[in-house]
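What follows is a single structure, written as structure tokens, with notes after it.
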There are 2 protein chains.
Amino acid sequence: METESTMKPKRPANPLALAVLGLLLEQPMHPHAIATTLRERELDRAFKVTTGSLYDVVRSLERAGWIAAQETARVGGRPERTVYTHTGQGREQFVAWLDELIRVPAKEYPKFISAISYLGALGRQAAREALTERAGHLAAEADRARAAWRDVVDAGRAPRLFMLELEYALRMIEAELAWVEQVAADIDSGTLAWPVAA
Amino acid sequence: METESTMKPKRPANPLALAVLGLLLEQPMHPHAIATTLRERELDRAFKVTTGSLYDVVRSLERAGWIAAQETARVGGRPERTVYTHTGQGREQFVAWLDELIRVPAKEYPKFISAISYLGALGRQAAREALTERAGHLAAEADRARAAWRDVVDAGRAPRLFMLELEYALRMIEAELAWVEQVAADIDSGTLAWPVAA
DNA sequence: ATCCGATCAGTCGGATCCGAGTATGTGCGC
DNA sequence: GCGCACATACTCGGATCCGACTGATCGGAT
């Protein structure tokens, strides 16, 4: 039996909460503004921003005491806007959370890995084709990322620090592309044995 | 207004369903056996196998008509076991799903990316330390993966085809490690400007 | 004989997720 | 001065997820 005082109010699981906190640290906002700001800054590349989840996340952040409702006003006949601020605790927890996310790699389950696990079932030829198509998509994505990076950083429109996440994504895409191309080549050359009926 | 016949019964979202299907294609099984088999084969590296989700996933697969209950028997006084088989439709859909997962890269939201987006907030020094610790974890993980790969493939205990998923994971870890080390080094050398107060 | 921990097989309910919906306000073309 | 697309701001409910629990059985050490 655990009393209320002994149980720790574990942090929100949804990374979107991190984004919310990050914005509120700059200035108070209402949820809708948070969503639009996130999209403006293209942080929706890194966070899955869906309205439904956003309001849930904000509520749970409030329950945890990391943010607090500041005022709730109505302009015209529109729905009310509730403006939230971060709390002192919120600031601390934000940094702690961030720190841990960086320090210790979280176990993830990318869909591609699950698919590779059953690649054999696709048959040699179909696998080769599917991989080749993927390689095309990846190459295109990498190009887009490189272009976006050049546009911003080379032009001096923002320091590299703020493009790190794009840089990382690019490196990962490149690595995946290299591997996919290698496997496709190994299928072609017969280097990769295909023990299953195909 | 859409009638029942016109609406397509979209495929299960949870990749665990793919794993279930994959096993049932080999032979009929009951959920508990599916879970243990998945763990034996270490497919729980690629799929998040939790009992709760498993039973949900099986139910939804049955609703979709991709698998079917074959018999439900009781041995002794234990809970009943319901054995499931794949259906013809299940076989087709499995391949189609697999094919698409390979062909088109899905948008993912790794936690690390969300953290990098706010790396600036950590401050120069703390960021450098956190990244260094991560690098350590990643290096250890890479070592483990390399060892596991050698154990199995070099020893000829299984063909490379069945280790692809481990190979892929390893390549991605290596790429991430390289990037993390680079950024840490750039912080040290002052190459990476830190515009925010720190 | 019997007690204990591991194994077997599955249920349950709370938490979370998120797409679709609601309802008003604003700007602009004609 | 009317219609209509778009923006504003949030709510709702179904679907899904998953940790914690139940409760029986089995094997072996005592």
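The values are calculated or read from the model by the stated rules, or taken from the named source; none is laboratory data. Please read all numbers here as calculations on a predicted model, not as lab measurements. Methodologically, a virtual Cβ is constructed for each residue, glycine included, from the backbone with ideal geometry; neighbour enumeration extends over all protein chains shown. Surface accessibility is based on the protein's heavy atoms, side chains included, excluding ligands, DNA and RNA. Shrake-Rupley method; radii C 1.70, N 1.55, O 1.52, S 1.80 Å.
Okay, here's what the table says:
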| read-out | value |
| --- | --- |
| In the range A:111-126, the residues that are outside any loop (DSSP other than H, G, I, E, B) and at the interface with chain B (Cβ under 7 Å from one of its Cβ atoms) | A:K111, A:F112, A:I113, A:S114, A:A115, A:I116, A:L119, A:G120, A:A121, A:L122, A:A126 |
| Failed criterion for B:P105 (all others in (1) open to solvent by 50 Å² or more (accessible area, probe 1.4 Å); (2) closer than 25 Å to A:I102 by Cα hold) | (1) |
| Failed item, numbered, when B:R91 is tested on (1) open to solvent by 40 Å² or more (accessible area, probe 1.4 Å); (2) touching a strand residue (DSSP E or B) at 6+ places or on another chain (Cβ under 6 Å); (3) more than 16 Å from DNA strand D (Cβ to nearest atom) | (2) |
| Residues of the range A:70-84 satisfying the condition of being farther than 17 Å from A:A35 by Cβ and at pLDDT 85 or above | A:Q70 |
| Residues of the range A:42-59 that turn out to be in a helix (DSSP H, G or I) and open to solvent by 30 Å² or more (accessible area, probe 1.4 Å), as a count | 8 |
| Residue identified as assigned to a helix (DSSP H, G or I) and within 9 Å of another protein chain (Cβ to nearest Cβ) among B:E108, B:E100, B:E181, B:E92 | B:E100 |
| Test: residue in the range B:116-125 that is open to solvent by less than 20 Å² (accessible area, probe 1.4 Å) and within 27 Å of the chain's Cα centre (by Cα) | yes |
| Residue check, B:G136 part of a loop (DSSP other than H, G, I, E, B) and either surrounded by fewer than 16 Cβ atoms within 10 Å (Cβ to Cβ) or in the same structural domain as B:I116 (by TED's automatic domain parsing) (or both) | no |
| Only one of B:R144, B:R150, B:R81, B:R157 that is surrounded by fewer than 17 Cβ atoms within 10 Å (Cβ to Cβ) and in contact (Cβ under 8 Å) with a residue 40 or more places away in the chain | B:R81 |
| Extreme residue, farthest from A:M163 (Cα to Cα), among residues of the range A:30-61 that are within 12 Å of DNA strand D (Cβ to nearest atom) and acidic (D, E) | A:D56 |
